Amino acid sequence: DCDDNNPATNPSAYEICDGIDNNCDSQIDDATALNTTTWYQDADSDGYGSAANSQVACDAPSNYVENDNDCDDSSAAVSPAADEYCDSVDNDCDGSTDESSALDATSWYADDDSDGYGSSVLVAVACSQPSGSTDNTSDCDDTSAAINPQSTETCDGADNDCDGLVDENN
């Protein structure tokens with residue numbers, strides 16, 4: 001018996017995480033304690049650990065945390081708390097890359113006449129340009145490729161150059 005004053009401390013007792021050598025094996029709070037925690041290495045110090053490297057202990061070893069949520073423990077910019085960007089990386093560790101919620105995702109607008117100028121109809125917010133879309137809303141008539149901001153105004157009763165004027169003198 002290593003502590004005659006404490007009946008719970010004896011060679012047949014279970015070790016628990018409490019700062020005492022409960023089982024008299026000369027080790028305090030070792031990895032065999034009943035209430036240990038699995039700690040995960042946080043190599044990039046972002047507060048999220050990697051399931052690839054873990055230790056069982058009563059207290060957290062240096063550079064270890066209690067979660068294994070990091071999908072890239074070599075980059076502090078990648079973690080469940082990070083913002084998603086259009087960069088082909090799963091920045092926020094949600095299993096998807098370049099979602100429409102990415103901070104730098106672009107608004108894409110319908111370009112039904114394929115002239116490179118879109119209408120105000122929002123097609124999508126995305127990192128990549130969807131088919132049949134453009135990144136601007138400059139077209140005043142998305143049913144005619146001949147009518148767009150780069151067209152020449154002609155006397156035909158239409159606003160050919162999308163400047164808000166019809167058949168002006170230029």
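The values are calculated or read from the model by the stated rules, or taken from the named source; none is laboratory data. Everything numeric in this text was worked out from a predicted model, so none of it was measured. Positions of Cβ are generated from backbone atoms using ideal geometry, with glycine treated the same way; all protein chains shown enter the neighbour counts. Surface accessibility is based on the protein's heavy atoms, side chains included, excluding ligands, DNA and RNA. Shrake-Rupley method; radii C 1.70, N 1.55, O 1.52, S 1.80 Å.
Observations on the model:
- Under 16 Å from the Glu66 label point (7 Å along Cα→beta-carbon), backbone N, the range 1-28: 17-18
- Expressed as a whole percent, the accessible surface of the range 46-170 that belongs to carbon and sulfur atoms is 43, based on a 1.4 Å probe.
- Its residue count N sets the reference 2.2 N^0.38 Å, and the alpha-carbon radius of gyration of the range 1-81 equals 1.43 times that reference.
- Relative compactness, the chain, computed as alpha-carbon Rg over 2.2 N^0.38 Å: 2.08
- Share of Cα-Cα pairs in the range 43-114 lying beyond 19 Å, as whole percent: 46
- Computed over all pairs of different Cα atoms, the Kirkwood value for the hydrodynamic radius of the range 99-167 is 12.5 Å.
- Across the range 7-18, rounded Karplus estimates of 3J(HN,Hα) from the backbone phi angles (6.51 cos²θ - 1.76 cosθ + 1.60, θ = phi - 60°) give x, 7, 10, 6, x, 9, 7, 7, 6, 10, 7, 8 Hz, Gly and Pro being marked x.
- Judged by a Cβ-Cβ distance under 4.7 Å, the unpaired cysteines of the chain are Cys155.
- Cβ crowding within 10 Å averaged over residues, with 63-73, 9-19, 90-100 ranked highest first: 63-73, 90-100, 9-19
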